[in-house]
Structure formats: structure tokens, C-alpha cells
Amino acid sequence: MAGKDHRDRFSTTTRLRLLGEQTAARVYRSQTRRQARRSRLTGRAALLALVVCSLIVALAYPIRQYVAQRADIADQQRLLDEERAETERLRDEKARWQDPAYIERQARERLHMVHPGETGYTVVDPSAARERRKDTKATADRAWYVNLFDGVDTMDRAGQAAGGDE
């Protein structure tokens, strides 16, 4: 029996079976190590993803606030530029009003002012003149300031009739 055992031990079938078992054990061990390594990397990747997501969530509100504030700053800067342009325009207009020639020209255009000895002419559209005569009495022979005060009185009466003055 010892001889048969010896033969079985070194027989091709026995050797192939042992070789297959050893190979299977090695493959199983390497798969187990790979799976352990993969699961460890998967855990690390999950932790990294969790940290990145937490940072994104934590920074989302401050970034949104930053962008909104930058937009507000841009709007305020635009308004400031517009106000500066308006201020410059008003300074120019104020400087023009310091010039006596400009004041005289404005008085002639707006108030129909004439110097003593000059004759003032006003060209009136005939259709507009007919409409004016229907609503008010002719104002051609009165001074400009009388017409001005009559206009103020007319508007005041219209405002009171509409209930604007309580």
C-alpha cells in the first residue's frame, strides 16, 4: 500500500489536482486582496466626494452673495456716472446763466422781451389763434406778465374744480 500511496502522490493526476488547488488558492487570495484594495479606494473616493460636496454646499451661498453684491456695485457705479454727468451738465448751465448775454437771449426767446424803442412781433398760427379766442379773451394788447398771472389763475381754478386743492 505504501507503494501505491507513493505512486498516487507523484501521479500526473494527483500533481495536476494539487497544482489546480494551489492555483485556485492563489487566485482567490489575489482576488480577495484586490477586492479589499478596491473597497478601500471606494471608501476613500466616497469620503473625498462627500468632502467636495460639503465644500460646494458651504460655498454656494457666499458665492451667490458675492455675485449679487458685484451686480449691485456695478449698478451703483452706473448711477454714480449718470449723476456725475448730470452734475456737470448743471454746472455748465449755471455758468451760462452767469453770462448777461445768455440771460438777455433767454428773456427775448421765452418772455418776448424787447428793449425800449424796439418793436416786438409774434407770429401766431391762425388755427391756434382761433382756438385760443374760443377759450380765452385776446391777449395781444396786454403786457406779458398779465398773461402770465392770468394763466396761473386759470390753472388754479382748474385744479380747484378737479378737487386737487383741499
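Only the coordinates and a few stated rules stand behind these numbers; no lab work does. Here the structure is a predicted model, which means the values were calculated and not measured. For neighbour counting, all protein chains shown are included, and Cβ atoms are generated from backbone atoms with ideal geometry for every residue, glycine included.
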Across the Cα atoms of the range 52-115, what radius of gyration and what greatest pairwise Cα-Cα distance (Dmax) are found, in Å? 25.6, 84
What is the distance in Å between the Cα centroid of the range 55-100 and that of the range 109-125? 45 Å
Charge dipole (the range 36-98, unit charges on Cβ, about Cα centre) - positive-most of I63, G43, Q77: G43
A107: net charge of surrounding residues, Cβ under 13 Å, Lys/Arg +1, Asp/Glu -1, itself excluded? -1
